[in-house]
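All remarks here apply to the structure that follows.
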Amino acid sequence: MDLQSLRYFCAVAKSQSLTGAARALGVSQPTVSVAIQNLEARLETTLFTRERNGVRLTATGEELRKYTTRVLALLDEAEERVRGLEKGDYGSFVIGCHESLGAYFLPQFMRGLYEEHPGLEVLLSNDPSAVVRDKVLSRDVHFGIVVNPTPHDDLVMVELFEDAVDVLVAEGAKRHATREEAQVVYAAGPVIYAGRVNEGVALLDMLAKEGFSVTRRLVCGDLEQVKSLALAGLGIAVLPRRVAAYGHEGKLVRLHPSLPSVHDKIMLLYRADMHKTRASSTLKDALVRYGRTLQGNGVVQSYR
């Protein structure tokens, strides 16, 4: 059954007149008649009984009307939804990012997004940056917020802000006025770090080349565990500065300002061939706008 014939059928059922339906549809009366005849032939039934003043639905016609009304309403809803996706701020998207990065990036961002754009639906996916990048490529994630991603021809990469992996101690720890004092404390350890974070491991290698050796290491599964142990005064943490700061600003400080750090770039990723609707553009622009407010907002400078 073609949709045009079903629309003609509904118009006839509503007006109870072939002529009235034709007038409402802006077509000729024979066109409507042929459409109804074709429907009746396909369904092998009589849909209308002809009366002196018009037509009336038969039992089978009434049954078809129920289903046709639902089908056409669903199609109208689908059309409205598609038009909304193309031209309005409506749509469902997945944002992927590392748990620790998301912990300071997402709360304020999501609150503002939902207040300004209630028609957007967002799901969150938490994985290491390399996994998020791969999920963007495989189209499992629409937008990825990642650290130091490897470029790919199919990806658009937009720089949002910078961070740095540093050597940090709890604020209450003894201040180390000289590099030599810091070196002694570092050697005593334990140095706490997330083994799967490449930047942290790279920083340890940099320190070793500068003569900073450590006798005790404590390898953790994630940055949040590193942070909680360092805040408890257990030892020296290797952490991104912003991860260390959120929720505990000033509680973890640099072991010594002369020590090296590994600088990070936090990037927004999405596929170059992603279907660009108004909603996707709205979400992308909101992510970029919010991310760039984090550049130079005082978090990094607060470390001594």
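Which members of segment 54-95 meet the condition of being open to solvent by less than 60 Å² (accessible area, probe 1.4 Å) and either modelled with pLDDT under 85 or under 30 Å from Leu124 (Cβ atoms) (or both)?
Once the filter is applied, which keeps residues that are open to solvent by less than 60 Å² (accessible area, probe 1.4 Å) and either modelled with pLDDT under 85 or under 30 Å from Leu124 (Cβ atoms) (or both), segment 54-95 yields Ala78, Gly84, Leu85, Gly88, Asp89, Gly91, Phe93, Val94, Ile95.
Summed over segment 272-289, the residues that are of a type outside the set (Gly, Ala, Ser), more than 20 Å from Arg133 (Cβ to Cβ) and touching a residue at least 40 places away in the same chain (Cβ under 8 Å) give a count of 3. When segment 36-48 is filtered for residues that are open to solvent by 50 Å² or more (accessible area, probe 1.4 Å) and either part of a strand (DSSP E or B) or β-branched (Val, Ile, Thr) (or both), only Thr46 remains. Within segment 87-116, residues that are under 14 Å from Lys284 (Cα atoms) sit with their Cβ atoms under 6 Å from residues that are exposed (fewer than 15 other Cβ atoms within 10 Å of the Cβ), at 6+ positions apart or across chains, in these pairs: Asp89/Gly119; Tyr90/Gly119; Ser92/Glu121; Val94/Leu123; Ile95/Leu124.
At pLDDT below 90 and closer than 30 Å to Gly119 by Cβ, is that true of Glu51? No, not satisfied. Pairing residues of segment 50-65 that are within 11 Å of Gln16 (Cβ to Cβ) with residues that are surrounded by 15 or more Cβ atoms within 10 Å (Cβ to Cβ) and β-branched (Val, Ile, Thr), at Cβ distances under 7 Å and at least 6 apart in sequence or on separate chains, gives Val55/Val12. For segment 228-244, the set of residues classified as touching a Phe, Trp or Tyr at 6+ places or on another chain (Cβ under 9 Å) and in a helix (DSSP H, G or I) consists of Arg241, Arg242, Val243, Ala244, listed by residue number.
Mind listing just one residue for me: the one in segment 28-86 that is of a type in the set (Asp, Glu) and under 47 Å from the mean Cα position of the chain (by Cα) and, of those, farthest from Cys10 (Cα to Cα)? Applying the filter and picking the extreme gives Glu86. Put simply, of Tyr114, Tyr186, Tyr193 the only residue that is at negative phi, open to solvent by 30 Å² or more (accessible area, probe 1.4 Å) and not in a loop (DSSP other than H, G, I, E, B) is Tyr114.
Look through Val156, Val169 and report the one residue that is surrounded by 15 or more Cβ atoms within 10 Å (Cβ to Cβ) and at pLDDT 95 or above. Step by step, each of Val156, Val169 is checked, and only Val156 is surrounded by 15 or more Cβ atoms within 10 Å (Cβ to Cβ) and at pLDDT 95 or above.
Within segment 117-132, which residues are open to solvent by 40 Å² or more (accessible area, probe 1.4 Å) and not in a loop (DSSP other than H, G, I, E, B)? Quick ask: steps written out before the conclusion?
Residues of segment 117-132 that are open to solvent by 40 Å² or more (accessible area, probe 1.4 Å), as a first pass: 118, 121, 123-124, 126, 128, 130-131.
Hits for segment 117-132 are Glu121, Leu123, Leu124, Asn126, Ala130, Val131.
Kindly indicate the residue of segment 229-265 that is among the hydrophobic types (A, V, I, L, M, F, W, C) and within 19 Å of Gln108 (Cβ to Cβ) and also surrounded by the most Cβ atoms within 10 Å (Cβ to Cβ) among those meeting that condition. It comes out as Ala244.
Just give me the residues in segment 209-221 being of a type outside the set (A, V, I, L, M, F, W, C) and open to solvent by 60 Å² or more (accessible area, probe 1.4 Å), in sequence order.
So in segment 209-221, the residues of a type outside the set (A, V, I, L, M, F, W, C) come out as 209-211, 213, 215-217, 221.
Lys209, Glu210, Ser213, Thr215, Arg216, Arg217 - these are the residues of segment 209-221 that are of a type outside the set (A, V, I, L, M, F, W, C) and open to solvent by 60 Å² or more (accessible area, probe 1.4 Å).
Restricting attention to segment 275-285 and to residues that are modelled with pLDDT of 90 or more and surrounded by fewer than 18 Cβ atoms within 10 Å (Cβ to Cβ), the residue that is nearest to Leu120 (Cα to Cα) turns out to be Ser281.
If you go through segment 111-135 and keep only what is hydrophobic (A, V, I, L, M, F, W, C) and over 10 Å from the mean Cα position of the chain (by Cα), you end up with Leu113, Leu120, Ala130, Val131, Val132.
If the condition is being open to solvent by 50 Å² or more (accessible area, probe 1.4 Å) and outside any helix (DSSP H, G or I), then segment 12-26 contributes Gln16, Gly26.
The values are calculated or read from the model by the stated rules, or taken from the named source; none is laboratory data. Since the model is a prediction, treat every value here as computed from it, not as a measurement. Glycine also receives a Cβ, built like all others from the backbone with ideal geometry; neighbour counts cover every protein chain displayed. Only protein heavy atoms, including side chains, enter the accessible area calculation; ligands, DNA and RNA are left aside. Shrake-Rupley method; radii C 1.70, N 1.55, O 1.52, S 1.80 Å.
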